[in-house]
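The block underneath contains the structure these notes are about, expressed in structure tokens.
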């Protein structure tokens, strides 16, 4: 079965270094599974890898769209799987680095994103509501409808909140329950999952240092 390597863990735990070193040893390429790093220009706060840090390793799914463009997880899945399949056809093991749980899961599991299409009017309504009332009010809407999804989505992630509200309005199904019954291990890839962790105090120190570097 086709193997892929997936590296996950919290911010500043060392995913970038590990993935680059592994990619050098395996002569392969890296696919970012981060829902914010796909946007061009959004460097502060996303901790995008620098050219120096890449060490010549090709990285995909970074800086691919403008912040004002719509880009769904289903589109990410489609684009990422094209890269994965190409690397596998070259007898190379792709490395996926996350990032965003939903993006990672879209590649590990068989998740169906095709049944709920976007609704422009709903998006415009919730965007207007956010601009008029602020992120707390928008987040409270999701919290009342789907507390499970609200717990997993940061209140600053306006796009995800609006999408979750949109899905509920269209289908009547909570965003957190959308794939509950259809999640199963994907038989397309044999996933080698590497989870990185670190003592909390040290991790927080590294996160604070990273924030200082991004703002300097």
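Given the criteria more than 15 Å from the chain's Cα centre (by Cα) and at pLDDT 95 or above, does residue 145 qualify? Taking the combined requirement at face value, the residue does not satisfy it.
For segment 158-175, how many residues are under 18 Å from residue 67 (Cα atoms) and modelled with pLDDT of 90 or more? Full working, then the answer.
Within segment 158-175, the first condition is being under 18 Å from residue 67 (Cα atoms), and the residues that meet it are 158-163.
When the remaining residues are screened for being modelled with pLDDT of 90 or more, the result is 158, 161-162.
Summing the residues that are under 18 Å from residue 67 (Cα atoms) and modelled with pLDDT of 90 or more in segment 158-175 gives 3.
Conditions tested, residue by residue: (1) in contact with a helix residue (DSSP H, G or I) (Cβ under 6 Å, 6 or more places away or on another chain); (2) touching a residue at least 12 places away in the same chain (Cβ under 8 Å); (3) assigned to a strand (DSSP E or B).
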{"residue": "5", "(1), (2), (3)": "no, yes, yes"}
{"residue": "10", "(1), (2), (3)": "no, yes, no"}
{"residue": "13", "(1), (2), (3)": "no, yes, no"}
{"residue": "18", "(1), (2), (3)": "no, yes, no"}
{"residue": "23", "(1), (2), (3)": "no, yes, no"}
{"residue": "31", "(1), (2), (3)": "yes, yes, yes"}
{"residue": "42", "(1), (2), (3)": "no, yes, no"}
{"residue": "57", "(1), (2), (3)": "yes, yes, no"}
{"residue": "67", "(1), (2), (3)": "no, yes, no"}
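The residue pairs whose first member lies in segment 130-141 and is more than 12 Å from residue 154 (Cα to Cα), whose second member is at pLDDT 95 or above, and whose beta carbons are closer than 6 Å, counting only pairs six or more residues apart or on different chains, are 130/138. Of all residues in segment 176-197, exactly one satisfies the criterion of being within 18 Å of residue 74 (Cβ to Cβ), touching a strand residue (DSSP E or B) at 6+ places or on another chain (Cβ under 8 Å) and at pLDDT 80 or above, namely 189. Taken as a whole, the structure places residue 82 among residues that are out of contact with any strand residue (DSSP E or B) (no Cβ under 6 Å at 6 or more places or on another chain), free of Cβ contacts under 8 Å to residues at least 12 places away in the same chain, part of a helix (DSSP H, G or I) and under 30 Å from residue 118 (Cα atoms).
The values are calculated or read from the model by the stated rules, or taken from the named source; none is laboratory data. As the structure is a prediction and not an experimental result, all values here were calculated from the model. Every residue, glycine among them, receives a Cβ derived from its backbone with ideal geometry; neighbour counts consider all protein chains shown.
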